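The values are calculated or read from the model by the stated rules, or taken from the named source; none is laboratory data. Given the structure is predicted, the values throughout are model-derived calculations rather than measurements. Note that each Cβ is placed from the backbone with ideal geometry, even for glycine, and that neighbours are counted across all protein chains shown.
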Amino acid sequence: MAERRDQLVAFLDQTLDIEAFPDYGPMGLQVYGRARVERVVTAVSASRALFETAAARGADLIVVHHGLFWNKDSRVIDPLLRERLRPLFDHGMSLAAYHLALDGHPTLGNNARILAALGFERDDEGFAHAGGRAVGWFGSADAPVAVDEFAARIRGAIGPPHAVYANGPDEIRRIAVCSGGGPRYLPEIAARGCDALVTGDMDEPAEMWSRELGVHFAAAGHYATEVFGVQALAELLNDQRGCEAEFLDLPTNA
């Protein structure tokens, strides 16, 4: 079975409500390839290795979290970007990217999925707003979670964390999750009654903030915290659309 590319991308645009999230670069279709899509590959970040692997899998459309273009980048197609794009052009593949809208989606997003994987129920309120929409989410547990148990859940659901600063209460009841780059939100989530923050990056001030605010902090890896949304998109496309989709895991140490 096959889908028209533009209808499929429009479905993703609408599902993720991309117009509600001002972002650092364009979301949606970034590179036009074949007009018909039978096979979709999802992944975290655009790269030459991803495009070559997707071509070998016979992909017509690649959907990523981190796309090709960011507001502060040059608009020049330099030799590096030219070679990165070559597999897309050679094999007629399209590329679509969904950044903040995929972080913040209340059911498909990275942060909602991480909360569920850690055994916390997503609250109605969030934080780290973009255009009035929450990107990060708060979550609560039915019963208090011990610190060691919480760290074990992170290792099991996400992977070995880069850093864990256990400076909060002995029992964890309410947490905040912001995939990727979220350490700067520590003061905000502390002020809003959270016991712990789970994010991807490990910024230098985070340990000091964790200690002074009395909040647990876990940096579980930028890549590792952002596989959840693109995995969810592959599941969604397989369930609801007339194409085949798979997630490609090309991890980095970040």
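In segment 1-54, how many residues are charged (D, E, K, R), in a helix (DSSP H, G or I) and closer than 20 Å to residue 107 by Cβ? Give the steps one after another, and end with the answer.
Initially, segment 1-54 is screened for residues charged (D, E, K, R), giving 3-6, 13, 17, 19, 23, 34, 36, 38-39, 48, 52.
Keeping just the survivors that are in a helix (DSSP H, G or I) gives 5-6, 13, 19, 48, 52.
When the remaining residues are screened for being closer than 20 Å to residue 107 by Cβ, the result is 13, 19.
Number of matching residues: 2.
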Test set (1) touching a strand residue (DSSP E or B) at 6+ places or on another chain (Cβ under 7 Å); (2) surrounded by 22 or more Cβ atoms within 10 Å (Cβ to Cβ); (3) among the charged types (D, E, K, R) - residue 113 fails condition number: (1)
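Residues in segment 77-95: is at least one within 20 Å of residue 21 (Cα to Cα), assigned by TED's automatic domain parsing to the domain that holds residue 42 and either touching a residue at least 40 places away in the same chain (Cβ under 8 Å) or in contact with a Lys or Arg (Cβ under 8 Å, 6 or more places away or on another chain) (or both)? Walk me through it before giving the result.
Initially, segment 77-95 is screened for residues within 20 Å of residue 21 (Cα to Cα), giving 95.
Filter again for assigned by TED's automatic domain parsing to the domain that holds residue 42, leaving 95.
Narrowing the set further to residues that are either touching a residue at least 40 places away in the same chain (Cβ under 8 Å) or in contact with a Lys or Arg (Cβ under 8 Å, 6 or more places away or on another chain) (or both) leaves 95.
Scanning segment 77-95 turns up at least one residue that is within 20 Å of residue 21 (Cα to Cα), assigned by TED's automatic domain parsing to the domain that holds residue 42 and either touching a residue at least 40 places away in the same chain (Cβ under 8 Å) or in contact with a Lys or Arg (Cβ under 8 Å, 6 or more places away or on another chain) (or both).
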Pairs where the first residue, in segment 189-205, is farther than 13 Å from residue 137 by Cα and the second is in a loop (DSSP other than H, G, I, E, B) and modelled with pLDDT under 95, C-beta under 9 Å, 6+ apart: 200/254; 201/254
Please state which of the following conditions residue 113 fails to meet, knowing it meets all the rest: (1) basic (Lys, Arg); (2) touching a helix residue (DSSP H, G or I) at 6+ places or on another chain (Cβ under 6 Å); (3) free of Cβ contacts under 8 Å to residues at least 24 places away in the same chain. (3)
Among the candidates 82, 34, 75, single out the residue that is more than 20 Å from residue 179 (Cβ to Cβ) and either surrounded by 14 or more Cβ atoms within 10 Å (Cβ to Cβ) or in contact with a His (Cβ under 8 Å, 6 or more places away or on another chain) (or both). 34
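Kindly indicate whether any position in segment 67-82 is in a strand (DSSP E or B) and closer than 16 Å to residue 230 by Cα.
Here is the first cut: in segment 67-82, the ones in a strand (DSSP E or B) are none.
No, every residue in segment 67-82 fails to be in a strand (DSSP E or B) and closer than 16 Å to residue 230 by Cα.
If we keep just the residues of segment 85-109 that are in a loop (DSSP other than H, G, I, E, B) and among the small types (Gly, Ala, Ser), which is surrounded by the most Cβ atoms within 10 Å (Cβ to Cβ)? Reasoning before the result, please.
Residues of segment 85-109 in a loop (DSSP other than H, G, I, E, B): 92-93, 98-99, 105-109.
Cutting the leftovers down to among the small types (Gly, Ala, Ser) gives us 92, 109.
Values: 92: 13, 109: 27.
Here the residue is 109.
Considering each of 191, 176, 206, 157 in turn, give the residue that is among the aliphatic types (A, V, I, L, M), outside the structural domain of residue 28 (by TED's automatic domain parsing) and surrounded by fewer than 16 Cβ atoms within 10 Å (Cβ to Cβ). Please lay out each step first, then the result.
Details: 176 fails: surrounded by fewer than 16 Cβ atoms within 10 Å (Cβ to Cβ); 206 fails: surrounded by fewer than 16 Cβ atoms within 10 Å (Cβ to Cβ); 157 fails: surrounded by fewer than 16 Cβ atoms within 10 Å (Cβ to Cβ).
After applying the criteria, what remains is 191.
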What are the residues in segment 215-229 that are more than 18 Å from residue 140 (Cα to Cα) and either small (Gly, Ala, Ser) or in contact (Cβ under 8 Å) with a residue 60 or more places away in the chain (or both), if any? 219, 220, 221, 223, 224, 225, 226, 227, 228, 229
Find all pairs meeting these conditions: Cβ atoms under 6 angstrom apart; at least six residues apart or on different chains; first residue within segment 19-35 and assigned by TED's automatic domain parsing to the domain that holds residue 60 and under 8 Å from residue 95 (Cα atoms); second residue part of a helix (DSSP H, G or I) and among the aliphatic types (A, V, I, L, M). 29/9; 31/88
Residue 135 closer than 27 Å to residue 253 by Cα, of a type in the set (Val, Ile, Thr), in a strand (DSSP E or B) and at pLDDT 95 or above: yes
Identify, please: which residue in segment 42-64 is of a type in the set (Gly, Ala, Ser) and in contact (Cβ under 8 Å) with a residue 24 or more places away in the chain and is, among those, surrounded by the fewest Cβ atoms within 10 Å (Cβ to Cβ)? 49
Pull up segment 220-254, narrow it to residues that are among the small types (Gly, Ala, Ser) and assigned to a helix (DSSP H, G or I), then point me to the one that is farthest from residue 199 (Cα to Cα). 234
Residue check, residue 149 assigned to a strand (DSSP E or B) and surrounded by fewer than 15 Cβ atoms within 10 Å (Cβ to Cβ): no
